[in-house]
1. So, restricting to strands (runs of 3 or more DSSP E) that lie completely within the range C:1-110, which ones have at least 3 residues that are touching a residue at least 24 places away in the same chain (Cβ under 8 Å) and either of a type in the set (A, V, I, L, M, F, W, C) or closer than 30 Å to C:Q291 by Cα (or both)?
2. Scan the range B:76-90 and tell me whether some residue there is within 14 Å of chain A (Cβ to nearest Cβ), over 15 Å from the mean Cα position of the chain (by Cα) and either farther than 23 Å from C:I48 by Cα or modelled with pLDDT of 85 or more (or both).
3. What tally of residues in the range D:114-161 results from selecting those that are β-branched (V, I, T), in contact with a Pro (Cβ under 8 Å, 6 or more places away or on another chain) and in a loop (DSSP other than H, G, I, E, B)?
4. Would you check which residues across the range D:123-161 are within 12 Å of chain C (Cβ to nearest Cβ), touching a Lys or Arg at 6+ places or on another chain (Cβ under 9 Å) and not β-branched (V, I, T) and list them?
5. Here are some residues: D:V99, D:V63. Which one is more than 10 Å from every other protein chain (Cβ to nearest Cβ) and surrounded by 19 or more Cβ atoms within 10 Å (Cβ to Cβ)?
6. Applying the selection to the range A:145-163, what residues are within 30 Å of A:A209 (Cβ to Cβ) and open to solvent by less than 10 Å² (accessible area, probe 1.4 Å)?
7. Could you list all residues from the range C:16-31 that are within 20 Å of C:G127 (Cα to Cα) and in contact with a helix residue (DSSP H, G or I) (Cβ under 8 Å, 6 or more places away or on another chain)?
Amino acid sequence: MLEFLENIIPSSTIALVVFALFPLVLILVYALFAIWAERKIAGFIQDRLGPMRTGGFHGWAQTIADMLKLIQKEDIIPKDASSFLFKLAPFMIFTASYAAFAVIPFSSGYIGSNINIGAFYLLAITSFLTISIIMASWASNNKWSLVGGMRTAAQMVSYEVPTIVTVLSVLIVASSMNLMTITEMQTGNDIMGFLPNWFIFQNPFLIVAFALFFISMLAESHRVPFDLPESESELVAGYQTEYSGMRWGMFMLAEYADMLLLSLLGATLFFGGWNSPFGTFMSGPVWGFGWFMLKGMLLVFVMMWIRWTLPRYRVDQLMHICWSILIPLSFVNFVLVALWEMIF
Amino acid sequence: MGLLDKKYHDSNIIIVSLESALNWARKSSLWYEQFGLACCAIEMMATAASHYDFDRFGIIPRSSPRQADVMIVAGTVTMKMASRIERLYEQMSEPRYVISMGSCSNSGGPYWEHGYHVLKGVDKVIPVDVYVPGCPPRPEALLEGFLTLQKKIENESIIESKPSDKITEEADRHETT
Amino acid sequence: MTHQISANVQETREMTINMGPQHPSTHGVLRLEVVLNGEVVSRVHPHIGYLHRCFEKHAEAMDDYSKVIPYTDRIDYVSAMNQEHGYVIAVEKLLQLEVPERVEYVRVILAELQRIASHLLGIGTFGLDLGAFTPFLYCFIEREKILTIFEKISGARLLYNYICVGGLMRDVPDSFKPETADFVKTFRPKIKELNDLLSYNKIFIDRTANIGILPAEVALNYAASGPMLRGSGVSWDLRKNDPYSIYDRFEFDIPVGSGEVGTVGDCWDRYMVRVREMEQSLVIIEQALEQMPDEGNVMEAVPKRIRMKEGEVYVRTETPRGELGYYIISDKSPSPFRVKVRAPSFVNLSILPAISRGALLSDLVAIVGSIDIVLGEVDR
Amino acid sequence: MKQPEEIAAYLKDKIVKGVLEFVPAEIGQPWITLAPDSIKNIAKFLRDDSELRFNTLMCLSGVHYPAEQELGVTYHLHSTTFGHTVALKVRVPIDNPRVQSVESVWKTADWHEREAWDMLGIIFDGHPNMTRILCPDDWEGHPLRKDYVQQETYQGITTRF
C-alpha cells in the first residue's frame, strides 16, 4: 500500500504520513461508531431505544456531538494535582494504543510495520497502558483515583501473564512472531475439506487457548466483569475521576481503541486475520480488510454483550481467577498445544 | 457558555455556523450528574430507565462531577447538604447547567413553612437554569425540563454583545436590583 | 552512593475516605466515613441527616391529623402506600374507629403491590451496586406496571395521599381488580427470569455470599427488622406474628435466610428474602382479590372532623424495609402532640459499622445495598 | 406472654428501686413509669430475666411536656421469645435532663439516644458518643422542643422562605 501511495502522491514523506495516519483515522471512525453501537446494543438488551434524536436516523451523530461537546468543556487541572503527569497521562495512554496498531496486519496489502517480532512488540507496548493509568491516578491526587490506579496496576500486570502464555501457544504453532506471516499461514480451506485453515480449527487445544485469551483480554481492556479500575458504583469513576473535557475523552477513546486492538489481535491469532472464511471467494486486500474488521467487531460485540449482562468481580476474586485458575490452565494448555504439534 | 463565551466581536458566516454547530453539540449531549437527593431521585431513575429512556436524547449519567454537564437537583436540599451541593457545582466543568427538579429544590416545597432544616430553594446557593415543578415531577415533566434547557442552549452565543446591547443589559441589571 | 532504607518506608498508614453524600451507590445522601487499610475496611462511621426534613416538627405543626398523611408519603418515598397505611392505622386506633371491609382489602392489596414495587427497586439497585446494570432496568419495567395501577386509582405515580383516616380518598375504579389480577399473572414468570439473570449468577453469588454476615442475636440486639432480620434466619414478620389490618385472614409463608449459598445472614440471604417475599405478596394479593367485597362505600367511616381524646399508641406495621412504628401522643387539640416515627431503615443502618468491619471496599457497597435503605426514612 | 399489668407487678416484686407506678391507659397502650437513674439496671433485668426476655428495644422516643416543664423518654420493648410488649417511661426536669443510657443493653439505643439528644436535648449518661445525628454539629437549639425558635441563618444562608 505504501508503494501505491507513493505512486499517487508526489512527495514520499507525505505518502508515509498518510500511510501512518491510516490506523488513527480508523480508530477515530471506529470509536465514533463503537460508542454509538454500544449504546444501541445496551438499549436493545435493556428494552429501550438508545440514542434516537441526535442527527436524525437513530441518533447516528450522537458520538460526534459528544466529542464536539467534550472539546468545548473546561479543562480542569486540580490545584494539588501533579500538573505535568496529569496532562501527560491521557496522551500517553492514547499513544500506546495507537502505536500498538503498527504491527496489526489489516489486510494482505496493509501493515504498518512488517517486523519479525510483531506479537512481542504488541504485548510490550500495551504495558504502557498500565503505566499511563497509574500515572493518571497518582497525578490526580484523589483517593478514589488512587484506589482505581492501584487496582489497575495489580489487574493488568497479573493478566498480562495468561495473555502472553496463550499468545505463545499460537506462536509455537505458527513458529513465527510476525503477525503477517501468522495470518498468511491460515490461508486456505483444508481442514475436513471445508473448514478454513484458521488456528482455532487446527489444534483442539487452541480452542481452550482462545477461551483463556478472551477472558484475559476482557481484563486487559478492563471491561465487565473485570472493570474494577473505573467501577462506577464503587470508585465513582476510578482513575478518571478528576479528568474533564477532552482529556477524559482521550481515556474513553483509548479504552475503545484497546478493545479493538485486542479483538483484532484475537482475530489475527485464532480466526485467520484477513482471510476470507470461503477460501479464495471474496478474498483480496479490500475484502480482506472487511473480513478482518468484521471478525474484530464480532469480538467487540461479544464484549459489549457481556458488559450489559454480568455483574462485576471483586478485586481479590479477580486476582484469584488470574493466579490460581487462568495462569496454571494456560501453562498446562501451552504444553498440550506443544505436544499436539509434536505428535500430529 | 464556557470557554468561547463572548470571545468574538463580530458575526460572520463562519462564526455563526460554528456557533450553531457548538450549540448543537452541547444540547445533544447533556450528561447529567448521577446523584439523587430524595423522592425526585426515584422519578429521575424512572426517567433514565427503559420506559422513558433518557438515552434517546443523548442524556447519560456520569458519576464524577468533572465529566457532567447538567446537575439535576432532584429532591429536598437541606441545610447540611447545601454546602455540599455548592461544592459539587464548583467541581463541574464549564459549560455547566443546573436543573432544579421538584418543588423542594425550587422553593422548599411542602417544607417551606415548618422545615427548619430545609433550604428554601436551591437557587439560594447555586444558579439554576431550568425549574421543573411538581412534587415529584412526572418523568415527562423532567424530559420537558431538558427540552427547555436545550432551547436555552440553542440561543447561546459566542459573539460578544455590541456596546449598545451592553448598556441595555446593564440598565436591566440596575432595574432588577 | 549507598541508599539506606529507613524503617519509616515500611510503615503503612490507614486512609480515610469519604463515601458520599454524592456517591453512586450510597442510595441517596448517606455519607460514610470509611477508614481503609489498603482496600480493607477498618472502620465505618455513617453520617446521616443530609435529608433531615423535619417530619416530626411538621406533624406537630399541622392542625389536622389528616394533613400529616402527605408528609408520611415522603418519609419513605419508595413505599408511600405502606407509610400511609401505618400512620392511618395508628390514628384509627386512637380514634377507635372501625373500617369497612372493602377498604381493608383495598389497603392490603395496595400495600402488597407497593411492597413488590419497593423490593423491585431494592433488588435493582442492589444489582446496580454490583455492576449489573440490566437487571435494574428490567426491575424498573415491572415497577412501572405497578405505578400505572397506582396512578389509575390515585392520580399520582410516587406519592399518593390515597389512604385516609377511616377509608380511602375515593373508590377504586372498576378496572382495578382485573388489572391487578393481570399483573399478578404476568409478574410470576418475571421473578424466575430475575433469578436466572441475577440471583443464581455465579459472579453475583461470589460477590454476595458470606459477605456482611449478621448473626441473629446481633440482629435482635440492634432491633433489626424486615428482610434484614429474616435474612438472619429469624422468622419474624409482623403480618404474621402481630397481625394488623386483616392480615390474619391470608395464608402465606415467611421466607427466611437459610444460608443456601453461603452463611445464614449474608448479603445474598437478605437479597433472596426480598425476592421470595415478592412471591408471597403475589399470593396475598390473589387471596385478597378473591375475598374482596365488590360493593361498599369506602367513605362510610371517614370522620367529618377528627376529635381526639387524650391517649397514646405505638402501632407497628411491616413495610418492605421492616418494622415501621408510629408513636402518637394525642391531646384534645386537633393537632398531634407528638409523632415519633420508628423508621426501619434508621435502625437497620445503625448495624452497618458492626457488620462491615474487615470487609473490602467493594463488599461495603454490597452490604449497604443489601440493607436497602431509603434516606428519607433514615433522616425523616 | 404477659400483659403489661402483670409485667408491672412482676417488676415491682423483683426490683424495689426505681419502678414508680403502672399507668393504665384509656386509649392505646398502658405504661410503667420508672426513675431516670435506675433505667439501666431495670433494662438489664428486663432483657435477661427468664420470664420476660425483652430482647429488642423497638423504639425510644423523646417527648417534651411543656406544661410540666419536663422532658420524657418512652421505651417500647418487645420480646421475640414470648411475644409480649411493654412501654416504659421516664420523666426528667427540663433544666437537668439526664437519663441513664441503655446503649450497653440494647445496641439499637445508640442512634435513638443521639436523636433524642439532637431533637430534644436529653442527655444520656454513659452514652459513648453523645453528638448530634440529624442536624449539623453547629446547629443551634433542639428543634422538637415546643418552645423552639428557628435560627434565622445557618452558615450565612437564611433558613426562612
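The values are calculated or read from the model by the stated rules, or taken from the named source; none is laboratory data. Worth saying up front: this structure is predicted, and the values here are computed from it rather than measured. Cβ: placed from backbone, ideal geometry, glycine included. Neighbour counts: every protein chain shown. Note: areas computed on protein heavy atoms with side chains; ligands, DNA, RNA excluded. Shrake-Rupley method; radii C 1.70, N 1.55, O 1.52, S 1.80 Å.
1. So the answer is C:31-37, C:40-47.
2. yes
3. So the count comes out to 1.
4. D:N129, D:R132, D:L134, D:C135, D:P136, D:W139, D:P143, D:L144, D:Y148, D:Q150
5. D:V99
6. Of everything in the range A:145-163, those that are within 30 Å of A:A209 (Cβ to Cβ) and open to solvent by less than 10 Å² (accessible area, probe 1.4 Å) turn out to be A:R151, A:T152, A:Q155, A:M156, A:S158, A:Y159, A:P162, A:T163.
7. C:M19, C:Q22, C:P24, C:S25, C:T26, C:H27, C:G28, C:V29, C:L30
Here is a yes/no grid of residues against (1) touching a residue at least 60 places away in the same chain (Cβ under 8 Å); (2) within 14 Å of chain B (Cβ to nearest Cβ); (3) of a type in the set (F, W, Y); (4) out of contact with any strand residue (DSSP E or B) (no Cβ under 8 Å at 6 or more places or on another chain):
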{"site": "A:I71", "(1), (2), (3), (4)": "yes, yes, no, yes"}
{"site": "A:I76", "(1), (2), (3), (4)": "yes, yes, no, yes"}
{"site": "A:K79", "(1), (2), (3), (4)": "no, yes, no, yes"}
{"site": "A:Y110", "(1), (2), (3), (4)": "yes, no, yes, yes"}
{"site": "A:L122", "(1), (2), (3), (4)": "yes, no, no, yes"}
{"site": "A:I131", "(1), (2), (3), (4)": "no, no, no, yes"}
{"site": "A:S137", "(1), (2), (3), (4)": "yes, yes, no, yes"}
{"site": "A:N142", "(1), (2), (3), (4)": "yes, yes, no, yes"}
